[in-house]
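Take a look at the structure below.
The values are calculated or read from the model by the stated rules, or taken from the named source; none is laboratory data. Only a predicted model underlies this, so the values are computations on that prediction, with no experimental measurement involved. Counting neighbours? That spans all protein chains shown, and the Cβs are built from the backbone with ideal geometry, glycine included. Heavy atoms of the whole protein, side chains included, go into the accessibility calculation; ligands, DNA and RNA do not. Shrake-Rupley method; radii C 1.70, N 1.55, O 1.52, S 1.80 Å.
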Amino acid sequence: MPANPITKAIIPAAGLGTRLLPATKAQPKEMLPVGRKPAIQYVVDELQDAQLRDILIITGRRKRSIEDHFDADPPLVAALKRAGNEALLQDLAFLEGRSRFFFTRQSEPQGLGHAVSLGADFVENQNCVVALGDSLIGGENPDAPLRAMMNAHLSLGAAAIIAVEIVPPDETFRYGIIDVGAMEPTPGEPMVVNDIVEKPPAGTEPSHLAVAARYVFSPIIFEALSRIVPDRQGELQLTDAIRWLVRMEQPVYAWLLNPAHKRYDVGNFESYYRAFIDFALADERYGYMVRKYIKALAYEL
Ligand code: UTP
């Protein structure tokens, strides 16, 4: 019997975003614009294109604008219709019932694992996707990796499939790093995970494969989250729950993103600027102007 399709997704978006202060003093980092849309809207578009019908966003203090953004706005739509502004109406099409939005608050940022654990009742013992609200997938069809990961998850009967990307050796200490033994990483081919280490000290990393903000889980992830303890900072880490799955000999796989689907983390200024420039250049409406401007600017640099 084919497994049920995956329809539920959790977007954790309750982190403090301290690395982006002062921009995030009174607004969520997930709402910072990347080109013409707030960062989190790219994540929602990706999930909707991957046919995920129910989306739970984990928000927190100073995050109310996320709820407002995904709420229908009949007076605004009526005004745009009266003005005959088709282009802007098209830009608001993401509100037209392609998925249902749910919100829950994480009162204190107690870690990514804790944020995900708040989705247990919403997920109701089904498979689910977790997509970080501050990470975007670029390129054509940004939903393609997630679709492929969901198919693989169902056909392999996996407990977890984790998107990974190759990072430079001197940056592994910033990420959750995956150990896949001697397996040669190939994009789109599931690799059995032997271990996962959070931010390994330089030189101790088991590989250069870093966890890349997209996951597919079976419901056992919630049991794992209930079995682990907070780290020294008092945060419950999703990495530790995945490690628990591996220790329990559950089938956990890594999924190397194709370079065509570059991942952008908007959680620090360096990669936020890169994301903004790349998405502005790719903008169908205004990209050509940005390109012209950057070319002219490059002469002066
Ligand atoms: P980060 O690791 O980037 O943490 O979170 P952060 O707290 O948002 O940022 P800094 O370190 O203060 O600058 C990765 C993702 O997990 C969410 C964040 O909103 C982000 O989408 N998150 C993190 C939560 O939802 N809750 C948490 O307790 C921590």
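Here are the numbers for this structure:
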quantity	calculated
Ala202-Arg232 FRET efficiency (beta carbon distance; Förster radius 30 Å; 0.05 resolution)	0.95
The chain, dipole about Cα centre (Lys/Arg Cβ +1, Asp/Glu Cβ -1), debye to the nearest 20	780
P(r) histogram, all alpha-carbon pairs of the chain included - 10 Å bins from 0, percent	6, 26, 36, 22, 8, 2, 0
Peptide ranges 253-262, 231-240, 89-98 listed from the most packed, as the mean C-beta count within 10 angstrom indicates	253-262, 231-240, 89-98
Under 10 Å, Cβ to Cβ, from Leu257 - net charge with Lys/Arg +1 and Asp/Glu -1	+2
Mean Cβ neighbour count within 10 Å, used as a protection proxy, ranking 70-79, 11-20, 138-147, 199-208 highest first	11-20, 138-147, 199-208, 70-79
Highest-first arrangement of 210-220, 169-179, where packing means the average Cβ count within 10 Å	210-220, 169-179
Extension gain (nm, one decimal) between Glu171 and Ala26, 0.36 nm per residue minus Cα-Cα	49.2 nm
10 Å beta-carbon shell around Lys199, net charge (K/R +1, D/E -1)	-1
Vicinal HN-Hα couplings computed from phi for region 170-177 (Karplus, 6.51 cos²θ - 1.76 cosθ + 1.60; Hz; Gly/Pro x)	7, 10, 4, 5, 8, 10, x, 10
C-alpha long axis of helix 238-247 to longest principal axis of the chain, angle in °	30
Pairwise FRET efficiency - Asn258 versus Val192, Cβ, R0 = 25 Å, nearest 0.05	0.80
Potential extension, Arg64-Ala83 segment - 0.36 nm per residue separation minus Cα distance	4.0 nm
Per residue accessible area of the chain, 1.4 Å probe, in Å²	52
FRET efficiency estimate (nearest 0.05) - Cβ-Cβ, Thr18 to Leu301, R0 22 angstrom	0.10
With Cα atoms, 0 to 90° folded angle of helix 144-156 axis to the chain main axis	30
